[in-house]
Amino acid sequence: MSYEGFVAGRHLRSNNESFLSTITSIAVLGVFLGVMALTSVITVTGGFEEAFRDRVLGVNSHVMVLKIGREFKDYKAVQDEIEQVPGVTATSPFIFHEMIATNSDKSAGVMIKGVEPDSMADVSDLAQYIRDVEGESGGEEVIKSLSYDRFPDNGIKQEPRVLIGGTLADKLSLKVGDSIRITSPLESVSAAGLSLGDVRVPSSRTFKIAGVYSSGFHDFDSRLLIADYRALQDFFRQGDGVTGIDVRVSDVFQVNQLGRDIERVIPTGRFRILNWQKLHHNLFTSLGLQRLVLAVLFCFIVLVASFNIACTLIMMVLDRQKDIAILKSMGASGGSVLKIFVIQGMTIGLIGTLSGLVGGWLVCLGIKYTDVGLDPSIYMIDHLPVRIVPVEFVAVGVLAMLICLLATLGPSLWAARLSPVDGLRYE
């Protein structure tokens with residue numbers, strides 16, 4: 001150990017040779033609290049962003065290709081074209097309709113999505129969120145059980161089956177095996193559309209609940225129903241047409257480029273391509289902005305803590321003027337004195353930063369394994385999420401040490417410039 005480090009260590013200790021003096025401990029505590037708070041808020045806000053993304057991508061596909069206009073009957077040919085695009089792993093047709101779901105005297109507005117059961121598992125992770133099923137069936141078996149035959153050989157059509165969100169099931173007092181009545185605001189509409197003077201009345205049909213899913217995302221669990229798209233075609237008495245095509249890709253963060261690649265292989269002017277980032281742009285933009293603002297605000301806590309370091313060093317300089325004068329009289333350079341006080345400040349910063357990182361990590365683990373509940377109707381998810389990323393902890397540590405270094409330089413430069421005469425004048 002250099003003599004600068006030895007002297008710095010003596011300055012940090014109190015007169016009774018304890019590990020740290022009281023004023024040094026207060027400075028360390030300030031850095032500790034600031035770093036712990038900053039790491040905690042970064043992991044929680046990052047957890048919110050990751051939780052929303054996982055829920056959105058767990059139920060929905062990565063990219064949706066929507067037909068402009070009413071008819072989309074050549075969807076199978078378009079699927080074949082899209083599947084040739086590098087980076088696309090699977091496609092599946094879908095239908096969307098806004099409906100009213102009722103059970104006895106209870107009702108709710110819902111969105112019903114018609115999917116192809118055989119290929120849905122390739123474009124969505126919904127199977128892993130299915131919690132209540134008939135018998136010992138797994139999630140994938142329940143999805144395949146949604147299959148509906150529009151033209152059965154015996155001419156007797158089966159009752160169509162549907163998946164329902166857990167929040168909606170609780171609201172309507174439904175369970176697996178019950179029947180739910182789905183009502184369309186209008187009578188079935190042909191591809192040619194409504195003609196002037198047409199008067200339509202609402203039509204309805206009963207669906208049997210095949211399973212209940214719980215994605216943890218309130219908007220889905222309280223509104224979205226899943227059925228076979230052929231059952232919806234039959235319900236609306238329309239031909240073999242769909243709303244669009246779900247597309248799954250290998251890299252969810254490259255959906256913008258893949259969207260442009262898809263546009264090159266499908267007929268231009270007929271389709272609109274939406275990816276998960278565009279579809280939920282407002283949500284993820286607000287989450288990113290919220291995370292940035294909170295991180296900046298909590299950086300000020302570390303900045304305030306760094307003033308404790310500066311004040312501590314200033315008091316040390318005032319208290320150690322005689323020692324500084326003696327060191328310079330014995331031949332110590334201004335650079336050595338500067339180094340002594342920089343070591344003191346950085347030692348305080350290092351102890352506070354490392355303990356703050358450990359404290360923040362423990363807080364995040366506590367949140368993760370305590371499963372802090374949230375009101376999904378307000379926060380859209382049912383628990384407080386955290387995302388522990390080592391790189392983010394390292395970045396916080398580096399930032400805290402940089403702030404501590406800047407706080408250390410002022411008092412250290414002052415100490416380095418002190419004249420030995422000034423230090424011994426009143427001795």
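Worth pointing out:
- Under a 5 Å amide H cut-off, with hydrogens placed 1.01 Å from N, Val176 pairs with nothing among residues at least 5 apart or on other chains.
- Taking every alpha-carbon pair under 8 Å whose residues sit at least 6 apart, the range 69-268 reaches a relative contact order of 34 percent.
- Centre separation in Å (Cα based) which lies between the range 38-116 and the range 202-237: 14
- Segments 390-403, 56-69 sorted - mean Cβ within 10 Å per residue, highest first: 56-69, 390-403
- Length available on full extension from Gln84 to Cys311: 0.36 nm per residue minus the Cα-Cα distance, which gives 75.2 nm.
- Ranked by how many other beta carbons lie within 10 Å on average, peptides 103-116, 290-303 from highest: 103-116, 290-303
- Cβ-based net charge around Ser107, under 10 Å, with every Lys or Arg adding one and every Asp or Glu removing one: +2
- Distant-in-sequence amide H partners of Arg161 (H built 1.01 Å from N, under 5 Å): Lys208, Asp228
- Each peptide in 256-262, 29-35 gets a packing score, the mean of other Cβ atoms within 10 Å over its residues, and the list from highest to lowest is 29-35, 256-262.
- Nitroxide proxy distance, nm - points 7 Å out along Cα→Cβ at Met111 and Gln290: 1.9
No lab work stands behind these numbers, since they all come straight from the coordinates. Predicted, not measured: the structure shown is a model, and the values here were computed from it. Glycine gets a Cβ as well: all are built from the backbone with ideal geometry, and neighbour counts include every protein chain shown.
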